[in-house]
1. Being in contact with a Gly (Cβ under 8 Å, 6 or more places away or on another chain) and under 25 Å from residue 258 (Cβ atoms) is true for just one of 218, 229. Which residue is that?
2. Taking the stated definitions as given, is residue 190 within 25 Å of residue 103 (Cα to Cα) and modelled with pLDDT under 95?
3. State the number of residues belonging to the stretch 196-236 that are part of a loop (DSSP other than H, G, I, E, B), more than 20 Å from residue 161 (Cα to Cα) and among the small types (Gly, Ala, Ser).
4. Is there a residue in the stretch 228-242 that is of a type in the set (A, V, I, L, M, F, W, C), touching an Asp or Glu at 6+ places or on another chain (Cβ under 8 Å) and surrounded by 13 or more Cβ atoms within 10 Å (Cβ to Cβ)?
5. Find the strands (runs of 3 or more DSSP E) located wholly in the stretch 1-111 whose residues include 3 or more that are over 27 Å from residue 288 (Cα atoms) and in contact with a Ser or Thr (Cβ under 9 Å, 6 or more places away or on another chain), and list them.
6. When residue 155 is evaluated against the numbered criteria (1) part of a strand (DSSP E or B); (2) within 14 Å of the chain's Cα centre (by Cα); (3) among the hydrophobic types (A, V, I, L, M, F, W, C), which criterion, by number, is the only one it fails?
7. Could you say which residue among 253, 190 is in a loop (DSSP other than H, G, I, E, B) and buried (at least 19 other Cβ atoms within 10 Å of the Cβ)?
Amino acid sequence: MPVARISVTERPAWQEGPVTVSVPATCANLGPGFDSFGLAVDLRNSVTAEVVPHGLHVDVEGESADLVARDESHLVVRAARATFALLDMAVPGLRIACCDRIPHARGLGSSAAAIVAGICAARALVTGGDHLLDAAAVLRLAAELEGHPDNVAAAVYGGFTVAWCDDTGARAVRLEPQVGAITLVPDEPVSTATARGLLPASVAHADAAWTAGRAGLLVAAVTGHPHLLLAATDDRLHQAYRAPAMPRTAALVARLRAAGVAAMVSGAGPTVLVLHAGDPPDLPALRGWVQQPMRVDLRGARLCARPGE
């Protein structure tokens, strides 16, 4: 449902000077938790925003900087505009500088990070904005803009999140993960729209029941029983249907799982995510893949003292 405009009794003022927000990359689904589970990892984008007398000025550096729009269509700008509208604030002009470290179209939550960064930056530009728009309200607006709550929940709260929607919008609970992560990022992107377009309108009841059981098991595995990770990360809802769009990813996931490694597609892919307990497993060197051990990010979106922090 659309997020209602917030009514305030006294008109807030604009924050003087720029604000900087940092937001983590996120891995969604984690196998069976389709559109529900999210895990924040320690790769971050930052956005610095400032209210100016007029106009829109957008600078972008880092990942895919040469491909990103510098106008109202930029996702950070759209999220910031939606936040100002929700707070009933008419911004005279806006300057935004984005430092992107999260690869685009790789299944690491780049769009969720942009949306959450835009909302949190806009909120920080309004005096008392964190009281007018708390984390739960940020999540509701971010999920409305993103279309699903899994990545944005982990981006807002950090850690391991389970998200759902009800009559009030998106909601989430944050849990303490006891796992480590490795991402294997391929050279080629896959758009979320393409990956979602391959999903069937319905699945067999037996497959749904299988995946529901694994989803429950995954909560236990991630939060205290990591020896169950391999069984818990199996699913029959989405990964097999998306395989034609990312054959190398599907082949690698199958190869690693056959070797006893808890591997899965990260979000809509094509990145492969490996979850583990204790020391990371020894994975083979793979040409065309960037392999990176990741710590789980426990902080979520936050204000920074300076850009790039």
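1. Exactly one of 218, 229 is in contact with a Gly (Cβ under 8 Å, 6 or more places away or on another chain) and under 25 Å from residue 258 (Cβ atoms), namely 218.
2. Spelling it out, residue 190 is indeed within 25 Å of residue 103 (Cα to Cα) and modelled with pLDDT under 95.
3. Here the count works out to 3.
4. Among the residues of the stretch 228-242, at least one is of a type in the set (A, V, I, L, M, F, W, C), touching an Asp or Glu at 6+ places or on another chain (Cβ under 8 Å) and surrounded by 13 or more Cβ atoms within 10 Å (Cβ to Cβ), which makes the answer yes.
5. Filter on the stretch 1-111 gives 19-29, 33-52, 93-100.
6. Every listed condition holds for residue 155 apart from (1).
7. Just a single option satisfies the conditions, and that option is 190.
Per-residue answers, yes or no, for (1) in contact with an Asp or Glu (Cβ under 9 Å, 6 or more places away or on another chain); (2) within 25 Å of residue 139 (Cα to Cα); (3) aliphatic (A, V, I, L, M):
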| position | (1), (2), (3) |
| --- | --- |
| 156 | no, yes, yes |
| 163 | yes, yes, yes |
| 178 | no, yes, no |
| 191 | no, yes, no |
| 196 | no, yes, no |
| 200 | no, no, no |
| 204 | no, no, yes |
| 208 | no, no, yes |
| 212 | no, yes, yes |
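The values are calculated or read from the model by the stated rules, or taken from the named source; none is laboratory data. Note that the structure is a prediction, hence the values are computed from the model and not measured. Cβ coordinates were reconstructed from backbone atoms using ideal geometry, including for glycine residues, and neighbour counts include every protein chain displayed.
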